[in-house]
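The values are calculated or read from the model by the stated rules, or taken from the named source; none is laboratory data. Everything numeric here is computed off the predicted structure, so don't read it as measured data. Cβ sites come from the backbone with ideal geometry, for glycine too, and all protein chains shown count toward neighbours. Ligands, DNA and RNA are stripped out before the accessible areas are found, and what is left, the full protein with its side chains, is counted by its heavy atoms. Shrake-Rupley method; radii C 1.70, N 1.55, O 1.52, S 1.80 Å.
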Amino acid sequence: MSDFHVCSLIVYVVAEQLESIKKTIESLPGAEVPIFGESGKLVVVLEGEQQNNIVGHFDLIKQLPGVLDTTLVYHQMEEQSELKEA
């Protein structure tokens, strides 16, 4: 039985680099940027079956050039069997 993880982040970036950072984040498997503001604030959703992948993506995003700050807002883990029953 495997787990499924969902988390959301607030990512603050240099406004002039918003589009390139957004594209880089969205190229990560299981990553989405559903909301962003031209001032450089992004909401990022990460989904995946392994917590290590989520943590790896979080660490990678923090290290991107132009990223000023990254804050974890929400994290939820469900067992796959619970998701199939729902």
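Over the chain, with every protein chain in place, what whole percent of the accessible area is carbon and sulfur at 1.4 Å, could you tell me? Mind dumping the intermediate values first?
Working: 2770 of 5340 Å².
Percent of accessible area from carbon and sulfur atoms in the chain: 52.
Once both labels are modelled 7 Å past Cα along the beta-carbon direction, what's the Glu38-Gln50 spacing in nm?
Inter-label distance under the simple model: 4.1 nm.
May I ask you to give the solvent-accessible area per residue for the chain, in square angstrom, as obtained with a 1.4 angstrom probe? Don't skip to the answer; put the middle values down first.
On the way: 5340 Å² over 86 residues.
Per-residue accessible area for the chain comes out at 62 Å².
Evaluate the relative contact order of the chain (contact order divided by residue number), counting alpha-carbon pairs under 8 angstrom at least 6 apart; express in whole percent. Provide the component values of the computation, followed by the final result.
Working: 150 pairs, mean separation 40.1, N = 86.
Worked out over the chain, it gives 47 percent.
Just how large is the dipole of the chain about the Cα centre, in debye to the nearest 20, putting +1 at every Lys and Arg Cβ and -1 at every Asp and Glu Cβ?
Values: 5 positive and 14 negative charges, 68 e Å.
Taking the Cα centre of the chain as origin, the dipole is about 320 debye.
Farthest toward the dipole's positive end in the chain, which of Gln50, Val11, Ala31, given Cβ charges of +1 (Lys, Arg) and -1 (Asp, Glu) about the Cα centre?
Positive-end residue among those listed: Val11.
Computed on alpha carbon atoms, what radius of gyration and Dmax characterise region 34-73, expressed in Å?
Cα-based Rg and Dmax for region 34-73 come out at 11.0, 32 Å.
Where Rh is the Kirkwood radius over the Cα pairs of the chain, the temperature 25 °C and the viscosity 0.890 mPa s, what D in µm²/s does Stokes-Einstein return? Write out the running numbers ahead of the final one.
Working: Rh = 13.2 Å.
Rounded, D is 185 µm²/s.
For Ser2 and Lys23, what is the calculated FRET efficiency with R₀ set at 35 Å and r taken between the beta-carbons, to the nearest 0.05?
On the way: r = 29 Å, r/R0 = 0.84.
E(calc), rounded to 0.05, equals 0.75.
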